[in-house]
């Protein structure tokens, strides 16, 4: 059956509030030799989408201007160099843009089978957070069994993923979250401790919880004034990975403890990395994490779903920070 000529998409009409997200029509793109065209069933909403809408996170050169970094759906066309995917196969994929649409191009090497037992909605919640957490917590920060991971924003999509993965690989987990209810949820999900940062000083609490030893790895999405406070929470040879900057990109720090405790300070963004780098993460996920998803040992946490046309409402919810876990759009 031939594909239609046009597809429904959500465009960013101009920089601004959620209401700048508007429905539009675009021609359906054709895959290059190494791409697959996916008929999208569901897609994840992420903080980078919000930043792009605000004009703070432009897409990389060559990427679609349509927002959306993760999708789940069905393969409907393939580039001539692709042999490991087939028409009609259900997949989820990490993409550099274009997800808020009925059809989306994806690098074939970044398409993963949907884990057994998961729906399109659940699968759409996987790529962005699982790629990010694996790359930063395990590849970059080298979290080891028995070590302690601190996650800021424990009920975010990244946070709920990091809790489950760290526990699955036998690490201890401490999180911060913005309410008692969110802290309770994190503990139920597996976190060993949860700190309400609105009521408690997380530095004091972490030092109390660790008997003044500190944590081995920190996954931080906040930045700004959290940076020097993170340093105070770190034990000898600890690693801090910065993956977002919700409190800003500038901070003042004391370099002495970095020297005395032999700390490693690093960070990354995933979207602009090349497909070869991301494909290695995909291989690791398929080998190490997909079996955990298929067995039900870990699972994506879905807060709510919206129709594609209601993308603005989804962005409003994300900016409110009322959600726990992922926000999904359905097509």
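Only the coordinates and a few stated rules stand behind these numbers; no lab work does. Just so you know, these numbers come straight off a predicted model, no measurement behind them. Here Cβ is always computed from backbone atoms with ideal geometry, including for glycine, and neighbour counts include all displayed protein chains.
Radius of gyration (Cα atoms) of the chain, expressed as a multiple of 2.2 N^0.38 Å: 0.99.
Reported to the nearest whole Å, the Cα centre-to-centre distance from the stretch 111-146 to the stretch 149-214 is 19.
Going by C-beta contacts inside 10 Å, put 226, 6, 100, 57 in order with the fewest on the left.
Values: 226 25, 6 13, 100 28, 57 16.
With the fewest neighbours first, 226, 6, 100, 57 line up as 6, 57, 226, 100.
Between residue 57 and residue 30, the modelled label-to-label distance comes to 3.3 nm, taking each label 7 Å out from Cα in the direction of the beta carbon.
What shape does the stretch 172-304 have by the C-alpha gyration tensor, where a ≥ b ≥ c are the square roots of the eigenvalues, rounded means a/c under 1.5, and otherwise prolate means a/b greater than b/c and oblate the rest? Here the stretch 172-304 falls in the oblate category.
Among 70, 316, 11, which one moves the most in a GNM of the chain with springs linking Cα atoms closer than 10 Å? Top of the fluctuation ranking is 316.
With the contact rule set at Cα under 8 Å and sequence spacing of 6 or more, what percent relative contact order holds for the chain? Walk me through the numbers before you get to the answer.
Details: 742 pairs, mean separation 58.7, N = 331.
That works out to 18 percent.
Between the helical axis of 275-288 and the dominant principal axis of the chain, each derived from Cα atoms, what acute angle in degrees is found, rounded to the nearest 10? Rounded to the nearest ten degrees, it is 70.
The distance between label points at residue 259 and residue 139 comes to 3.4 nm (points 7 Å beyond Cα on the Cα→Cβ vector). Please work out whether the stretch 1-141 counts as rounded, prolate or oblate from its C-alpha gyration tensor, where a ≥ b ≥ c are the square roots of the eigenvalues and a/c under 1.5 means rounded, while otherwise a/b larger than b/c means prolate and anything else oblate? Verdict is oblate for the stretch 1-141.
Of the beta bridges DSSP finds with both residues in the chain, what % are antiparallel, to the nearest 5? Please report the intermediate quantities before stating the final value.
Numbers: 32 of 58 bridges.
For the chain, the DSSP antiparallel bridge percentage is about 55.
Taking the C-alpha atoms only, the angle from helix 157-168 to the longest principal axis of the chain is near 70 degrees.
Note on residue 208 and residue 168: with the Förster distance fixed at 30 Å, the Cβ-Cβ geometry gives a FRET efficiency of about 0.70.
Could you order the peptides 125-135, 194-204 from most to least packed, using the average number of other C-beta atoms within 10 Å per residue? Intermediate values should be presented prior to the final figure.
Numbers: 125-135: 26.3, 194-204: 16.7.
Order by mean packing, descending: 125-135, 194-204.
Say we join alpha carbon atoms closer than 10 Å with springs in a Gaussian network model of the chain; which of 39, 299, 261 then has the biggest fluctuation? In this elastic network of the chain, the residue with the biggest mean-square fluctuation among 39, 299, 261 is 261.
Counting beta carbons within 10 Å around each of 229, 239 and listing the fewest first gives the order 229, 239. Springs between Cα atoms under 10 Å define the GNM used for the chain, and in it the highest mean-square fluctuation of 259, 234, 221 occurs at 259. Residues 119, 156 in ascending order of nearby Cβ atoms (within 10 Å, fewest first): 119, 156. Rounded to the nearest 10 degrees, the inclination of helix 180-189 to the longest alpha-carbon principal axis of the chain is 80 degrees.
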